[in-house]
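Participant: This is the structure I have questions about; it appears just below.
The values are calculated or read from the model by the stated rules, or taken from the named source; none is laboratory data. Remember, it's a predicted structure, so these values are computed and weren't measured experimentally. When we count neighbours, we look across all protein chains shown, and the Cβ atoms used for this are built from the backbone with ideal geometry, even at glycine. Note: accessible area is taken over every heavy atom of the protein model, side chains too, but ligands, DNA and RNA are not part of it. Shrake-Rupley method; radii C 1.70, N 1.55, O 1.52, S 1.80 Å.
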Amino acid sequence: MEANRKINNSFRSTLAQCLALTGSCLLQTGIGIEIICLTIIIGALSTNKNQNEFLTVTSDQASWFGSLLFLFTPVGSLLSSLTLDRFGHNKCMIITNIPYIVSQIMFFFAENVDTLYMCSILMGLSIGYAGGPCSAYIGEVCEPKLRGALMSVTNVFYFVGSLVFTLIYAVTLDWRLTVLLSMIIPIVNIVILLVSPHSPMWLLTKGKHEKAQKTLGKLRGWVSHELCSNEFREMIVYTSVKDTEKPDTKNEEDITSSWRQLLQPEVYRPFRLLVIYIFFANLLAGVQYGPYLVSVFTEFGAPVNVEMTISFSVALAIIGGILTVFFVNKLGKRFLTLMTLPICSVCYILIGIIGIYWTDSKPLTSWLVLIFFLTTTFTSSFGILTVAWILVSEIFPMKSRNITCSTCVALGYLMSFFMIKFFPQFSAFVQLYNTFTIFGVAGLFGSVYFYFYLPETENKSLQEISEFFK
């Protein structure tokens, strides 16, 4: 009887946390749509398959359109870090949908390239503003044993958004109609976030102890206060730094204090590790190739429908993300990193070698390079790409969480901007296949670094993780 009660409570707790993260999942779905739409629109305006489409873009215009989103994402992250503590996670996640909706409307009526640039900027602000609140919220509402798996679930929804968008476009072959249909996601997201619970930790920092305790009880399966009293006491200790601050401290002083905390070992050590991790995750997950996938797949030369191949690659990423949900708790994030990063690196090196040196069997090699590329798509989503965002949600101490989460997300997207903006020039300088070799070799060096410096954070409380970096 006691065992059945524990199983039931565990199920109810998991269900409650899954329901609480519905808004975050839809937010990730929207981000997936925003990023993949760059790929679709650039491909559509470069190939002119739709005879009714009057807009076209040059290679230089495409590089700016594809990268401006990532350039302005840090601006959104900065705004988020300045407002998150005041508004809370839910309100910030609601706000992020506003520029997203505006950008989609502008896309539908776009008549020139300048409008496309503005849409890309708005989406960048939207994605940047969402990153910190979303990651911090997931880290604060989830139990340690579920945090990795549920963070992986939200990342799956990122790929779901990309898949839905690419499938709609593959059917309609009209990017304007596809953009219009996708607007339902942010609208539904706003409605769900309006009724989602606040983070208990955020409520504690605002002095709302009773409400925080009730919210924690709901998040742990609608249980009584006594059954989650130990966890609540740990939360009080974890948030005690903010609780002991003087109530008359000005917001500007709070922000300055938060930035100064970056100099403390328990903050700058995980910050440095995560920035390096995000760099290699972006590099080996093919972020730099993303907006140019239509031309990359065309260069590979395999006799496939490019639009459906992009959809298939996103489907593989979804499968990898789902596998992470089930295996991250058993294998751990360190093992997943040390397994998937070298695999992606080797696949990239093989693509480069085949493309440069094995040129006398084009029908065979075109399939091989495509298969290796799709393998990296699946493998990175199963490991490094998903683990990167799990780490964002858990390795920072509470006193600097808002600033560090937003800053790491900002730096991650800033890296993406430079990778995407200058990829055409870099590819023209060293040739496309040589870029794979260079990135693959870099990934092997990254594997060695993480072997020595990446700790295991799976199934550990936020307090235990914070203590490790001191």
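Participant: Would you be able to say whether some residue in the stretch 100-107 is over 28 Å from residue 200 (Cβ atoms), of a type in the set (A, V, I, L, M, F, W, C), part of a helix (DSSP H, G or I) and free of Cβ contacts under 8 Å to residues at least 40 places away in the same chain?
Facilitator: yes
Participant: Name the helices (runs of 4 or more DSSP H) wholly within the stretch 295-393 that hold at least 3 residues that are of a type outside the set (S, T, N, Q) and open to solvent by 40 Å² or more (accessible area, probe 1.4 Å)?
Facilitator: The qualifying helices (runs of 4 or more DSSP H) are 306-331, 333-357, 362-382.
Participant: Hey, another quick one. Hey, can you tell me all the residues within the stretch 109-143 that are farther than 20 Å from residue 239 by Cβ, among the small types (Gly, Ala, Ser) and either touching a strand residue (DSSP E or B) at 6+ places or on another chain (Cβ under 8 Å) or in a helix (DSSP H, G or I) (or both)?
Facilitator: Those that are farther than 20 Å from residue 239 by Cβ, among the small types (Gly, Ala, Ser) and either touching a strand residue (DSSP E or B) at 6+ places or on another chain (Cβ under 8 Å) or in a helix (DSSP H, G or I) (or both): 120, 124, 126, 128, 130, 131.
Participant: If you don't mind, there's one more thing I want to ask. For residues in the stretch 426-470 being without any contact (Cβ under 8 Å) to a residue 12 or more places away in the chain and closer than 26 Å to residue 351 by Cβ, which is most open to solvent (accessible area, probe 1.4 Å)?
Facilitator: The extreme case among them is 429.
Participant: Could you check, for the stretch 164-182, whether at least one of its residues is within 23 Å of residue 109 (Cα to Cα), of a type in the set (Val, Ile, Thr), in contact with a Phe, Trp or Tyr (Cβ under 8 Å, 6 or more places away or on another chain) and part of a helix (DSSP H, G or I)?
Facilitator: yes
Participant: Moving to a separate point now. Name the residue, out of 88, 139, that is crowded, with 24+ Cβ neighbours inside 10 Å and modelled with pLDDT under 90.
Facilitator: Result of the check over 88, 139: 139.
Participant: Okay, moving on. Which ones in the stretch 337-383 are of a type in the set (Phe, Trp, Tyr) and touching a helix residue (DSSP H, G or I) at 6+ places or on another chain (Cβ under 8 Å)?
Facilitator: 348, 358, 372, 373, 378, 382
Participant: What is the residue count in the stretch 188-206 for residues that are in contact with a Ser or Thr (Cβ under 7 Å, 6 or more places away or on another chain), part of a helix (DSSP H, G or I), modelled with pLDDT under 90 and open to solvent by 20 Å² or more (accessible area, probe 1.4 Å)?
Facilitator: Final tally of qualifying residues: 1.
Participant: Restricting attention to the stretch 49-99, which residues are of a type in the set (Asp, Glu) and outside any helix (DSSP H, G or I)?
Facilitator: Selection gives 53 alone.
Participant: Suppose we filter 172, 166 for residues that are farther than 23 Å from residue 139 by Cβ, without any contact (Cβ under 8 Å) to a residue 60 or more places away in the chain and either in the same structural domain as residue 101 (by the TED database) or touching an Asp or Glu at 6+ places or on another chain (Cβ under 8 Å) (or both); which single one remains?
Facilitator: 172
Participant: Residue under question is residue 337, and the condition is that it be over 21 Å from residue 162 (Cα atoms) and in contact (Cβ under 8 Å) with a residue 60 or more places away in the chain; does it hold? Working first, answer last.
Facilitator: On the way: over 21 Å from residue 162 (Cα atoms): yes; in contact (Cβ under 8 Å) with a residue 60 or more places away in the chain: yes.
The answer is yes for residue 337.
Participant: Looking only at the stretch 383-420, how many residues end up being at pLDDT below 75 and within 27 Å of residue 322 (Cβ to Cβ)?
Facilitator: 2
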